[in-house]
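The values are calculated or read from the model by the stated rules, or taken from the named source; none is laboratory data. Keep in mind that this is a model prediction, so the values were computed, not measured. Here the Cβ is made from the backbone with ideal geometry for all residues, glycine too, and neighbour counts use every protein chain on show. These area figures cover heavy atoms from the full protein model, side chains too; ligands, DNA and RNA do not enter into them. Shrake-Rupley method; radii C 1.70, N 1.55, O 1.52, S 1.80 Å.
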Amino acid sequence: MSSSIPLIEIFSSLQGEGMLAGYRQIFIRLPGCNLDCAYCDTVIEASSVCRVEASPGCGQFKEIAQPVALETVLNLVRRWCTQLPNAHHSISITGGEPLLHDDLLAQWLPELNILLPIHLETNGTLSAAVSRLIEHVDFISMDIKLPTAAATPALWDEHRRFLEAAHERDVSVKVIVGELTVEQELVAACKLVSGVDEEIPFIIQPVTDRDGRVSVSPQRLLQLQAVASRLLADVRVLPQMHRFLEVP
Ligand code: SF4
């Protein structure tokens, strides 16, 4: 089995979302996704080259040939950790939907996890894949897609199975909301989470545009926070901080 894959990019930046917001991470972005959310603005197709930050945090990228070998990534992470001791909290495995590559991650994560903790950012639908990899993952940030906001089919069963599997680790749930979010869908997401564990952190993330503008009114956010708090113990409202910090 090959341990190389076309990647989209590797860079060092601040985590802008969820429970680990504010921590610095090394981001490894994998291509492809099994969903097609209305608000998606992520590049998910790999090109003929992978963008790699020339040095951690410099914002300048060089291009390396695809597919990228595990050894190349390990050498890069080791170099950046030596250059900036203790600066990186963890490695964020992100996408797209990284769990589409579970065969490859089964080889990569044990090696990467020796260097830094692993944070998996996922749409929370591929439960078999997360079960397979769970022992090599430290933090999981999973989405629950609200069907109206994401314009996806209802995925409640997929999300429930995923959360049950992910609950073995430090997991948090994120829902993206807009001004038109249907309250019953938020309630359904909260009930799904409370059915597994009402203490799981639940993050309401307003749609944030590329300029860092949040397109949901404060009144609406407070309303949704109150609704979720009736069902869950740890509800937070967090925008995508990297947008207004203007970091990648
Ligand atoms: S799950 Fe994420 S990457 Fe996939 S389409 Fe939705 S927003 Fe985009």
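A few points about this structure:
- Sequence-distant residues sharing a close amide H with Val237 (under 5 Å, placed H): Ile204
- Amide H contacts under 5 Å for Lys174, placed H, 5+ residues apart: Met142, Asp143, Ile144, Ile203
- Ordering 126-135, 97-106 by mean Cβ neighbour count within 10 Å, with the highest value first, yields 97-106, 126-135.
- Note that segment 194-203 has calculated 3J(HN,Hα) couplings of 5, x, 9, 5, 5, 8, 4, x, 10, 10 Hz, one per residue in order, obtained from phi through the Karplus relation 6.51 cos²θ - 1.76 cosθ + 1.60 (θ = phi - 60°); glycine and proline are x.
- Rounded if a/c under 1.5, otherwise prolate or oblate - segment 1-78, Cα gyration tensor axes: oblate
- For the set Met19, Met241, the ranking by accessible area, highest first and with no ligand, DNA or RNA atoms included, is Met19, Met241 under a 1.4 Å probe.
- For the chain, the mean residue ellipticity at 222 nm estimated from helices alone is -9500 deg cm²/dmol, where every DSSP H run of n ≥ 4 contributes -39500 (n - 2.57) and the total is divided by all residues, rounded to the nearest 500.
- Seen against the Cα atoms of the chain and their longest principal axis, helix 218-229 is set at about 90 degrees.
- Residue-by-residue Karplus 3J(HN,Hα) for segment 178-186, coefficients 6.51, -1.76, 1.60, Hz, glycine and proline x: x, 4, 9, 4, 7, 4, 4, 6, 5
- Taking 0.36 nm per residue of separation and subtracting the Cα-Cα distance, full extension of the segment from Glu183 to Arg78 would add 33.2 nm.
- Rg over Rh [alpha-carbon atoms, Kirkwood Rh] for segment 4-245: 0.96
- Whether segment 170-209 is rounded, prolate or oblate, judged on the alpha carbon gyration tensor where a/c under 1.5 counts as rounded: oblate
- For segment 43-48, 3J(HN,Hα) per residue [Karplus equation, 6.51 cos²θ - 1.76 cosθ + 1.60, θ = phi - 60°, Hz, x = Gly/Pro]: 6, 10, 9, 6, 9, 6
- Charge tally in the Cβ shell below 14 Å around Leu30, where Lys, Arg are +1 and Asp, Glu are -1, Leu30 excluded: -4
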